[in-house]
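J.: Quick one: this structure, given as structure tokens, is what I'll be asking you about.
The values are calculated or read from the model by the stated rules, or taken from the named source; none is laboratory data. Just so we're clear, the structure is a prediction, and the values are computed from it rather than from any experiment. Every residue, glycine among them, receives a Cβ derived from its backbone with ideal geometry; neighbour counts consider all protein chains shown.
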Amino acid sequence: MIEVRNVTKTYGKKSGAFVALDDVSFTIPDGASVAIVGKSGSGKSTLMHAMSGLDRPEKGEILVDGIDILKLKQKAVDTFRSQKIGFIFQAFFVQANETSFENVALPLEIGKYSASARKKRVLAALRVVGLSDKEKQKARNLSGGQKQRLAIARAIVNNPRIIFADEPTGNLDTATGATVEKLLFGLNKQGGSTLVIVTHDEELAAKCDIKIYIKDGKVEKIQKGKK
């Protein structure tokens with residue numbers, strides 16, 4: 001379970017201060033699919049960064065399985081992210097000059113995996129996203145959709161409990177976006193991972209169990225149940 005309690009995040013100081021998140025609270029049950037919905041500048045990406053430990057708000061609590069990650073030291077936060085969280089971003093962030101295999105193996109370099117265990121996990125992740133035949137290809141030679149699927153493989157290679165996806169289909173055409181959506185919801189429903197999607201796409205949000213609408217840094221409304 002993820003519990004966000006009274007989280008406030010401010011950028012800048014004094015007259016130049018900007019409140020990105022203003023006393024935000026909600027709860028996400030294990031295994032749920034959640035859409036954080038809002039326009040550009042609403043605070044939705046800041047919220048995801050706070051929930052995942054990428055950013056530290058100055059007020060509030062973020063509890064994952066009862067542990068407040070905001071009270072952890074940086075090394076413990078890094079360990080938490082590497083063991084429990086997978087990230088997927090709109091801009092892919094794959095290493096162009098590395099092979100697909102090398103890209104997916106990156107998160108495993110933090111863990112103490114043997115070479116054979118790393119290989120097994122990487123090949124399994126590539127198989128899930130349909131890129132088994134691209135194992136030795138450089139990422140720069142992949143299409144946009146293949147790069148996003150590669151990013152998903154990298155995100156799931158650690159079998160994360162929580163997957164954060166920031167506008168995961170924003171740079172993709174309709175057909176490729178549908179493929180990526182199917183992959184993400186499959187990981188959620190069949191793999192049991194909690195899926196948190198940041199999006200401004202109402203059609204994508206409608207496929208989630210919970211929709212959290214953010215406006216001007218505040219929770220505007222929370223809807224449960226697919227519509």
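J.: Yes or no: the range 130-146 includes at least one residue that is within 21 Å of S52 (Cβ to Cβ) and in contact (Cβ under 8 Å) with a residue 40 or more places away in the chain. Quick ask: steps written out before the conclusion?
T.: Of the residues in the range 130-146, the ones within 21 Å of S52 (Cβ to Cβ) are none.
Taking every residue of the range 130-146 in turn, none turns out to be within 21 Å of S52 (Cβ to Cβ) and in contact (Cβ under 8 Å) with a residue 40 or more places away in the chain.
J.: Only one of these is at pLDDT below 85 and out of contact with any His (no Cβ under 7 Å at 6 or more places or on another chain): N141, N171, N188, N103. Name it.
T.: Checking each option against the conditions leaves just N171.
J.: Report whether or not R121 is basic (K, R) and surrounded by 15 or more Cβ atoms within 10 Å (Cβ to Cβ). Break it down stepwise before answering.
T.: On the way: basic (K, R): yes; surrounded by 15 or more Cβ atoms within 10 Å (Cβ to Cβ): yes.
Judged against the criteria, R121 is a match.
J.: Cβ-Cβ under 8 Å, sequence separation 6+ or interchain: first residue in the range 160-172 and under 16 Å from Q146 (Cβ atoms) and touching a residue at least 12 places away in the same chain (Cβ under 8 Å), partner assigned to a strand (DSSP E or B) and charged (D, E, K, R). Which pairs?
T.: none
J.: Another question about this same structure. Out of all the residues in the range 199-210, which are surrounded by 23 or more Cβ atoms within 10 Å (Cβ to Cβ) and more than 16 Å from A178 (Cα to Cα)?
T.: none
J.: Which one of V180, V157 is within 15 Å of the chain's Cα centre (by Cα), within 28 Å of V219 (Cβ to Cβ) and buried (at least 20 other Cβ atoms within 10 Å of the Cβ)?
T.: On the way: V157 fails: within 28 Å of V219 (Cβ to Cβ).
Residue meeting the stated conditions: V180.
J.: Separate question: Here is a list of conditions, (1) surrounded by 12 or more Cβ atoms within 10 Å (Cβ to Cβ); (2) under 26 Å from G170 (Cα atoms), and S40 meets all of them except one; can you say which number that is?
T.: (1)
J.: Of all residues being among the aliphatic types (A, V, I, L, M) and crowded, with 17+ Cβ neighbours inside 10 Å in the range 124-150, which is nearest to the chain's Cα centre (by Cα)? Just the residue, please.
T.: L150
J.: Collect the residues in the range 185-227 that are of a type in the set (D, E, K, R) and out of contact with any strand residue (DSSP E or B) (no Cβ under 6 Å at 6 or more places or on another chain), keeping them in residue-number order.
T.: Listed by number, the residues that qualify are K189, D201, E202, E203, K207, K215, D216, K226, K227.
J.: Would you mind listing the strands (runs of 3 or more DSSP E) fully within the range 119-227 where at least 1 residues are over 26 Å from T99 (Cβ atoms) and in contact with a Cys (Cβ under 8 Å, 6 or more places away or on another chain)?
T.: 194-199
J.: Go through T79, T27 for me and flag whichever is assigned to a helix (DSSP H, G or I) and surrounded by fewer than 20 Cβ atoms within 10 Å (Cβ to Cβ). Outline the logic, then answer.
T.: Working: T27 fails: assigned to a helix (DSSP H, G or I).
Of the residues listed, the single one that is assigned to a helix (DSSP H, G or I) and surrounded by fewer than 20 Cβ atoms within 10 Å (Cβ to Cβ) is T79.
J.: Across the range 82-118, which residue is surrounded by the most Cβ atoms within 10 Å (Cβ to Cβ) among those that are of a type in the set (S, T, Y) and in contact (Cβ under 8 Å) with a residue 24 or more places away in the chain?
T.: Ranking the qualifying residues of the range 82-118, first place goes to S100.
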